[in-house]
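Notes for the one structure printed next.
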Amino acid sequence: MAAPCYEKDMAVPEKVILVHGMGRTAASMLLMGRRLKDAGFPNLLFNYFVSMESLDGIAERLEWTVRRKIRRPFALVGHSLGGVLARMKSEALLDAGLQKLVMLGPPNTSPMLAQALKDNPVFKLVAGDAGQKLATPSFHANLPIPEVPTLIFAGSSGPRSVWLPHRGEANDGIVSVEETRLGGAIHRTVPGIHTLLMNDRGVTEEIIRFLREREGRPEDESGQR
């Protein structure tokens, strides 16, 4: 899939929607939300439960929420599965005013950990339909690449061992750095673990700078701090 082209001048988002990851709740995004609000970006928390809803149903509800509650240029910050939901609905979100997208530890290819757990009965119960889709490579291959400036953060402080699913690759404990990559996106590797990326002050500060930037940045970038 070719990387998207962006407009040279993007509007600064007037609001941010925060979408948590699988197995978490909107409360996990509260600290980031407070920091964004203090920086001049009011935000809305989107909540869902993968054990009770299908992934398609959650994505439809995300679109419904955006169209009815955010009537202005906006950005979306998605943690883990939150980024997948944004990709699933990227065309509709763009039509609704999406200006920029931030992904924290997103599984942009099928995670090795999800594939290893796919048939585990506890994983099936807790992760539901979303877990099964994450473990399916063809699902990820068919996800669109959002046509907006996109910033990705990947954690690198997870355990490394040849007997773990990531086989020694840099990871955040859930997703490997390589599994987060997406063509056309700005990519940052940070020393952090999956469940706490949204609480990293440095990550939030870089997100704020990214949201304030008016110029689209279509080139593929890499960075580490």
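Every number here is computed from the coordinates shown, using simple stated rules; none is lab data. Here the structure is a predicted model, which means the values were calculated and not measured. Positions of Cβ are backbone-derived with ideal geometry, glycine not excepted, and every protein chain shown enters the neighbour counts.
Counting Lys +1, Arg +1, Asp -1, Glu -1, what net charge surrounds residue 126 among other residues with beta carbon under 15 Å of its beta carbon? If you can, show how the numbers build up before the last one.
Values: positive: 24, 118, 124, 133; negative: 53, 119, 129.
Residues close to residue 126 contribute a combined charge of +1.
Each label point is 7 Å from the Cα along the Cα-to-Cβ direction; what then is the distance between the points at residue 25 and residue 201, in nm?
Each label point lies 7 Å from its Cα, and together they span 2.7 nm.
Anything over 30 Å Cα to Cα? Flag those among 15/118; 100/133; 37/124; 69/124; 69/118, in the order listed.
Going by Cα-Cα distance, 15/118; 37/124; 69/124; 69/118 fall outside the 30 Å limit.
Compute for the stretch 30-111: radius of gyration divided by Kirkwood radius, i.e. Rg/Rh, restricted to C-alpha atoms, rounded to two decimals. Don't skip to the end; give the middle numbers.
Details: Rg = 12.6 Å, Rh = 13.3 Å.
Expressed as Rg/Rh, it is 0.95.
With equal scatterers on the alpha carbons only and no solvent term, can you work out the Debye log10 of I(q)/I(0) for the chain at 0.12 1/Å?
One equal scatterer on each Cα of the chain leads to -0.58.
What nm distance separates the two modelled labels at residue 54 and residue 126, each placed 7 Å from Cα along Cα→Cβ?
2.5
So for the chain: antiparallel DSSP bridges make up what percent, rounded to the nearest 5? Please report the intermediate quantities before stating the final value.
Values: 2 of 30 bridges.
Among the beta bridges of the chain, antiparallel pairing accounts for roughly 5 percent.
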